[in-house]
1. Under 5 Å between amide hydrogens, which residues at least 5 positions from Val269 or on another chain qualify, with H placed 1.01 Å from N in the peptide plane?
2. Between Glu404 and Arg359, what length in nm is gained on full extension when 0.36 nm per residue of separation is reduced by their alpha carbon distance?
3. With r defined as the distance between the Cβ atoms of Ser155 and Ala65 and R0 fixed at 30 Å, what FRET efficiency is calculated, to the nearest 0.05?
4. Working from the pairwise distances between different alpha carbons, so that the mean of 1/r is found and then inverted, what is region 132-282's Kirkwood radius in Å?
5. Can you pull out the chymotrypsin sites (Phe, Trp or Tyr not before Pro) in region 181-258 that DSSP calls coil and that have at most 11 other Cβ atoms within 10 Å?
6. If you take the beta carbon distance between Arg387 and Asp79 as r and set R0 to 22 Å, what does 1/(1 + (r/R0)^6) give as a FRET efficiency, to the nearest 0.05?
7. Please list, in order, the residues from region 138-180 whose amide nitrogen is less than 16 Å from a point placed 7 Å along the Cα→Cβ vector of Arg194.
8. Based on Cβ point charges of +1 for Lys and Arg and -1 for Asp and Glu, what charge dipole magnitude is obtained for the chain about its Cα centre, in debye rounded to the nearest 20?
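The values are calculated or read from the model by the stated rules, or taken from the named source; none is laboratory data. The model shown is predicted, which means the values in this text are computed figures rather than measured ones. Every residue, glycine among them, receives a Cβ derived from its backbone with ideal geometry; neighbour counts consider all protein chains shown. The accessibility values were calculated without ligands, DNA or RNA, using every heavy atom of the protein model including side chains. Shrake-Rupley method; radii C 1.70, N 1.55, O 1.52, S 1.80 Å.
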Amino acid sequence: MTGAPQKPDVVDHIVVGAGTAGCIVAARLAERGASVILLEAGGPYRRVLDVPLLGLWAWLRRPDAYCWNQYTTPQAALDGRRVWFPGGRITGGSSAINAMIYTRGHPASYDRWGVPGWTFADLLPYHRRFEDFEGGESAYHGSGGPIAVSRARFSYPLADAFVRGSVEAGIEPVEDFNGPQSHGVGYYAVTQDRGMRSASGKTYLALGKRHPGFHHETGVQVTRILMDRGRVTGVECRNRAGTRTIRSASVVLCAGAVRTPQLLMLSGVGPADALQRMGIAVNVDQPGVGDSLQDQVRVPVAFHHEGQSLTRPDRLFFAGFDYVARRRGFLASNVCDVAAVATLSSGDIPDVRVAFRWRVFPETGLPLVDFEVATLSPVSRGRVSLRTADPDDAPDIDPGYLSEQADRDAVHLGVGLARRIAGTEAMRRAGIREEFAPGAMSIDDHLRLHTASAFHPVGTCRMGEDAASVVDTELRVRGVEGLRVIDASVIPGCVAANAQASVMAVAERGVDLLRS
């Protein structure tokens with residue numbers, strides 16, 4: 001009889017966080033023959049997440065089982081309201097629970113980071129490396145990579161009418177948001193493999209498991225990074241069995257834009273005055289840790305709809321047959337299958353997205369659809385800071401939503417665009433009627449009540465050449481040898497898109513830098 005696999009106490013690399021980036025980093029290192037242990041605070045990937053619409057329903061019904069179910073601090077521009085700010089706490093991280101939208105964003109939104117080696121041209125080969133595009137390889141797409149990318153697998157008359165209405169409103173149609181034109185109106189590409197979610201916690205984990213040096217543990221929370229005279233020596237972690245130390249001269253933090261800076265600060269890397277107030281011994285005085293938090297926001301713009309509901313029981317019944325037979329249709333939907341991406345202010349980089357969502361405000365019981373407005377190029381910034389020195393306590397998360405007038409202006413412009421699209425002949429023929437929200441309420445009042453996170457936080461361990469950056473251009477933490485950060489926290493500012501694709505590209509390039 002064979003016993004349980006021996007848990008290693010010494011490895012070449014420790015990867016903290018089996019999220020979108022962490023699974024990529026660990027698998028690629030193991031692929032090159034290194035011994036790697038990948039530690040995840042949450043549980044294993046769950047098969048219910050494979051079916052796109054069913055998976056979204058499952059985690060939104062029970063967020064504690066899938067994510068860090070956390071809220072921001074009271075937001076001044078939102079009348080002190082706290083905003084829900086979840087993050088994946090499961091193997092695969094946010095790639096296991098997100099809406100699977102695959103869009104890289106405008107190339108100039110990478111170039112404005114101003115970091116040598118991290119332009120869009122630098123990252124495009126890494127985008128292509130992880131991609132398995134159903135349309136095949138091209139200058140813009142990869143083939144044979146671990147992450148399947150397909151065109152939207154659910155089209156329906158209302159969404160088609162939204163495309164026509166957007167064109168009436170002056171938005172150019174686009175076939176592929178990840179091709180030569182990253183803005184316009186069209187159906188999103190999605191990270192799906194024949195209608196099933198393609199997440200790093202499935203694909204890269206399977207790649208890693210082919211190699212004997214790969215070890216993956218769930219339910220393990222890293223509480224501290226261990227250091228000796230400016231060099232990393234391992235991590236302290238715990239699970240239900242107790243506390244344990246794992247030794248390595250290489251630790252890679254992939255815990256995301258909230259948990260990575262929290263763990264650095266708990267380990268004595270952060271703003272010295274704040275750490276001393278918490279009774280934490282300072283290893284490196286680095287005020288930039290946790291600073292520069294940036295996130296996109298979204299707000300509903302809802303309209304009454306006269307027409308057949310997509311969620312009628314008979315439609316749901318036949319949708320199940322369609323999905324089983326062809327892996328297409330309603331159950332392959334991510335709820336926002338189509339969108340208009342536009343530049344409404346000065347400059348070339350898109351600043352507003354209007355996503356057409358077929359379900360909004362379900363608590364009203366009214367037949368409504370949502371022209372959801374999101375900022376793509378926010379200016380407002382905040383920070384993540386420790387609330388206590390206890391690893392079990394969530395840190396304070398203050399994104400500073402809409403604290404800058406430019407962001408409020410962008411949302412106003414987006415609401416105007418949503419109204420123009422809804423008022424077109426194409427949308428009227430499709431059954432779009434009077435506005436429900438904001439309706440008679442002022443836009444500013446509506447923003448204070450309904451602004452929500454778009455779930456794309458970045459920047460809290462910003463990379464750069466300047467001394468204030470937390471990591472250098474090779475993602476090495478300043479002041480600690482052997483410690484790197486490879487996740488969304490190193491991205492200096494939001495790309496004009498959803499964050500998933502850029503995080504995956506950062507992870508692929510980060511592994512190359514680590515190996516070198």
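1. Long-range HN contacts for Val269: Asn283, Val284.
2. Net length gain for the segment: 13.2 nm.
3. The value I calculate is 0.40.
4. Working: mean 1/r = 0.0500 Å⁻¹.
About 20.0 Å, per the Kirkwood formula over Cα pairs.
5. none
6. Details: r = 22 Å, r/R0 = 1.01.
Efficiency, from the Cβ-Cβ distance: 0.50.
7. Residues 144, 147-151, 153 fall inside that zone.
8. On the way: 56 positive and 56 negative charges, 306 e Å.
Dipole size: approximately 1460 debye.
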